[in-house]
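Below you'll find the structure, written out as structure tokens, and then a few comments.
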Amino acid sequence: MSGDVQLNILAIESSCDETAAAVIANGKIRSHALATQSVHKSYGGVVPELASRAHQQHMVSVVKSALDKATLALADLHAVAFTRGPGLLGGLLVGTSFAKSLAFARDIPLIGVNHMQAHVLSHFIEGPYPPLPFLCLTLSGGHTQLVWVKDYLDMQLLGETRDDAIGEAFDKIAQLMQMPYPGGPWIDHYARNGDPHRFTFPATSMPNLDFSFSGIKTAFRYFVREQEAQNPDFIAQHRDDLCASIQQTLINMVLEKLKSAVAQTGISAVGIAGGVAANTALRRCLTQWAQQLGWQVLIPQPAYCTDNAAMIALAAHHQYIQRDFCDMDVAPLPKMPV
Ligand code: KG4
Ligand code: ZN
């Protein structure tokens with residue numbers, strides 16, 4: 001935007017278990033706020049009905065907090081954006097309805113954002129910014145995608161998971177070791193003191209640039225079950241090494257695919273996004289691989305890897321420039337291609 005034109009957009013994220021809001025002013029994030037739903041912890045995964053209710057409960061206070069931090073009032077907004085999909089329908093309905101009401105009341109444009117595109121655009125929240133095009137591995141609890149990012153809103157899916165998402169694999173493996181949900185950060189934590197070469201697990205290799213994580217999860221389950229038959233305390237005694245070893249296997253699986261994608265496309269600027277991109281060892285390994293292979297590496301700060309509304313706001317800013325607005329009868333899309 002040019003210097004004297006003001007463009008303030010409020011963005012709302014409610015696709016999974018974080019209720020989040022952010023304000024972007026002329027393409028720069030001015031504030032963001034987030035309420036994490038702790039209600040799912042005891043269930044070992046996100047319970048969609050409880051997630052919808054919690055979004056509904058927290059939405060107003062989270063939006064208010066984002067506006068207050070930005071020192072803006074509703075009257076200062078020029079558009080309102082929401083996550084249209086993919087995600088859990090109940091949560092998406094809460095965000096969509098809230099955004100529609102606000103756009104209707106203020107008579108301002110409504111912008112429906114693709115959550116997966118927004119994860120990729122988290123790279124543009126803070127510099128250094130990636131060059132275009134670049135390759136992005138989007139690694140979340142619901143998706144695993146390898147994306148060719150041609151422009152802010154022009155992305156081509158090169159590969160994706162055929163079964164579980166990588167975050168789901170982290171969470172299910174952590175659950176087998178009795179860790180709370182979400183287990184990814186716990187595996188990350190314990191792995192710091194473990195030996196990544198202590199145990200080996202068979203990495204599943206898919207043809208082309210697709211991924212599969214259900215086999216490794218099953219292999220892990222059988223392995224610990226066999227060991228526990230001989231030693232009931234096996235997991236407790238080997239927790240750190242188990243975490244480090246399974247984590248390293250998962251990391252190698254995605255980085256090998258990235259390497260193939262670089263070879264196939266000739267694009268050597270590479271990034272990671274999504275909740276699993278917050279993983280300490282993945283960030284370190286990607287940096288090491290990049291140094292060895294001559295890649296330019298792009299890693300958003302952890303708070304912008306996990307679900308947040310700043311990335312939704314960034315996408316909304318670019319959609320506003322393209323006049324990519326929604327009608328008032330827009331519906332959320334639980335499944336939505338990147
Ligand atoms: O992108 P995200 O916040 O939500 C979805 O859109 O799914 O990703 C959540 C996923 C969960 O599976 C969580 O366990 C994983 O990201 N995650 C991690 C870490 N932080 C979050 N996995 C491994 N290491 C982490 N540090
Ligand atoms: Zn996400």
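Is it true that some residue in segment 114-130 is modelled with pLDDT of 95 or more, out of contact with any helix residue (DSSP H, G or I) (no Cβ under 8 Å at 6 or more places or on another chain) and surrounded by fewer than 21 Cβ atoms within 10 Å (Cβ to Cβ)? Within segment 114-130, not a single residue is modelled with pLDDT of 95 or more, out of contact with any helix residue (DSSP H, G or I) (no Cβ under 8 Å at 6 or more places or on another chain) and surrounded by fewer than 21 Cβ atoms within 10 Å (Cβ to Cβ). Here I251 does not fit the description of being within 16 Å of ligand 1 (Cβ to nearest atom), in contact with a Leu (Cβ under 6 Å, 6 or more places away or on another chain), outside any helix (DSSP H, G or I) and within 20 Å of A203 (Cβ to Cβ). Considering F199, F211, the condition of being aromatic (F, W, Y) and surrounded by fewer than 21 Cβ atoms within 10 Å (Cβ to Cβ) is satisfied by F199 alone. Restricted to segment 243-273, and to residues there that are β-branched (V, I, T) and within 21 Å of G215 (Cβ to Cβ), the residue that is surrounded by the most Cβ atoms within 10 Å (Cβ to Cβ) is I246. Of all the listed residues (D171, D240), the sole one being crowded, with 18+ Cβ neighbours inside 10 Å, of a type in the set (D, E) and assigned to a helix (DSSP H, G or I) is D171.
Of all residues in segment 174-192, those that are assigned to a helix (DSSP H, G or I) and hydroxyl-bearing (S, T, Y) total 1.
Counting only residues that are within 16 Å of ligand 1 (Cβ to nearest atom), of a type in the set (G, A, S) and touching a residue at least 60 places away in the same chain (Cβ under 8 Å), segment 126-172 holds 5 of them.
The values are calculated or read from the model by the stated rules, or taken from the named source; none is laboratory data. It should be emphasised that the depicted structure is a prediction, and the values quoted were computed from it without experimental measurement. Don't worry about glycine lacking a Cβ; one is built from the backbone with ideal geometry, like all the others, and counts go over all protein chains shown.
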